[in-house]
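Just below is one structure, and these are the notes that go with it.
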Amino acid sequence: MDSIRSVVCWALTLVLFYSVCSNLQANAEPRWPLPEGIKSVEVNGYDMAYQEAGSGPHIVLVHGALTDYRIWTTLVPSFAKRFHVIAVSLRHYYPEKWDGTGNDFTFEQHADDVAALIKKLNLGPVHLLGHSRGGGVVVNVAKTHPEVIKTLILADPVGFESMLPNTPESQRLAQMTQDRIDTLRKNLASGNTELAAQVFVDSLNAPGAWATRTLAQRERLFDNLATAAQMGLAPATSCEQVAKFSFPILFLHGENSPKNFSAMSAAVRNCKPIAEPIVVPNAAHNMFIDNTPVFNAAVFGFLSHD
């Protein structure tokens, strides 16, 4: 009996030790200043920042290019009433002040980081929502770490360009993402960051969109401008890979989003029977900002059936 007690005590001590170590690691001092209320956790050797709010089922929000966790400002308060929300900042985005060097700014690395964060925080399978470039990141999570996903929500995601039909119009649409990146780099190389930002934002929304951006929205883009140097296309995704996705999938598009996004979701539906995408009216690429109530209602409706 004494030997059994000793084994039990030893096991409990070991569990407590690893729990304390994990908490210390999760709460270790980050390598750069964090805004008030923002947390970080070490994943794959990187201090990944995130905003946390609410309680309930877990939903993880993954931002797109030239932005960070702050893009979800209009969404988090409503989501936090129903969910435990984790809004991440991907590797090398704000609050890190990155210099644009290194070889770890990739879709694959970002996907591994998101999966590692979900596991590190013991969230279990989560509702995973990705926007634009972040959509490409979460699709790669789905391909490499499907065990962490309960549902997949894709708002104007990149990453399905290779699935578009081989027609002149489809190939023109497939080229739009690369053209947008090339134009951004060209404008940045000229030294006119204001022009670069304007053309990039307008190309994703509508002419004049940049002019309507608030000072905070503009600063958010400029805070992440160094990431533009290493922006690239997401790894190709095939019909065979999509067919293996075993979780519910929701696509959302803004009514005025660039047409390549809806063309890609149509190509995905040719591979796998999923629901028609929800089109958010009076909205463009940043649909959850342009029409927050409709976007939120669409996501809540989708998740209520899960």
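Taken together, the values in this text are just the output of simple stated rules run on the coordinates, not laboratory data. For clarity, every value in this text was computed on a predicted model and none was experimentally measured. FYI the Cβ positions are ideal-geometry reconstructions off the backbone, even for glycines, and counts take in every protein chain you see.
Of the listed peptides 83-92, 231-240, 48-57, 247-256, what is their order by residue-averaged count of other C-beta atoms within 10 Å, with the highest listed first?
83-92, 247-256, 48-57, 231-240
For the chain, give me the percentage of DSSP beta bridges that are antiparallel, rounded to the nearest 5 percent.
Counting only bridges with both partners in the chain, antiparallel ones make up about 30 percent.
Per the helix-only calculation at 222 nm, which mean residue ellipticity applies to the chain, given -39500 (n - 2.57) for every DSSP H run of n ≥ 4 and division by its residues, nearest 500 deg cm²/dmol?
-13500 deg cm²/dmol
Hey, can you rank 267-273, 143-149, 100-106 by average C-beta count inside 10 Å, highest first?
Per-residue mean Cβ counts within 10 Å order the peptides as 143-149, 267-273, 100-106.
What order do you get for K244, K39 when you list them from fewest to most C-beta neighbours inside 10 Å?
K244, K39
So how tilted is helix 292-304 from the main axis of the chain? Cα-based, degrees 0 to 90, rounded to 10.
So the inclination is approximately 50 degrees.
May I ask for the percentage of alpha-carbon pairs in the stretch 185-298 that lie more than 23 Å from each other?
Result: 44 percent of Cα pairs exceed 23 Å.
At a 10 Å Cβ-Cβ cut-off, how would you order D179, D156, fewest neighbours first?
Neighbour counts put them in this order, fewest first: D179, D156.
Can you tell me the Rg and the Dmax, both Å, for the Cα atoms in the stretch 37-304?
When restricted to the Cα atoms of the stretch 37-304, Rg and Dmax are 17.2, 49 Å.
Extent of the stretch 198-251 along each principal axis, from alpha carbon coordinates, in Å, largest to smallest?
43, 25, 19
With the cut-off at 29 Å, tell me which of the pairs K81/K119; K120/K259; K120/K186; K39/K259; K143/K186 have Cα atoms farther apart than that.
Working: K81/K119 23 Å; K120/K259 37 Å; K120/K186 39 Å; K39/K259 37 Å; K143/K186 32 Å.
From the list (K81/K119; K120/K259; K120/K186; K39/K259; K143/K186), the Cα-Cα distance tops 29 Å for K120/K259; K120/K186; K39/K259; K143/K186.
Which whole-number percent of Cα pairs in the stretch 131-241 have a distance greater than 22 Å?
Of all Cα-Cα pairs in the stretch 131-241, 41 percent lie more than 22 Å apart.
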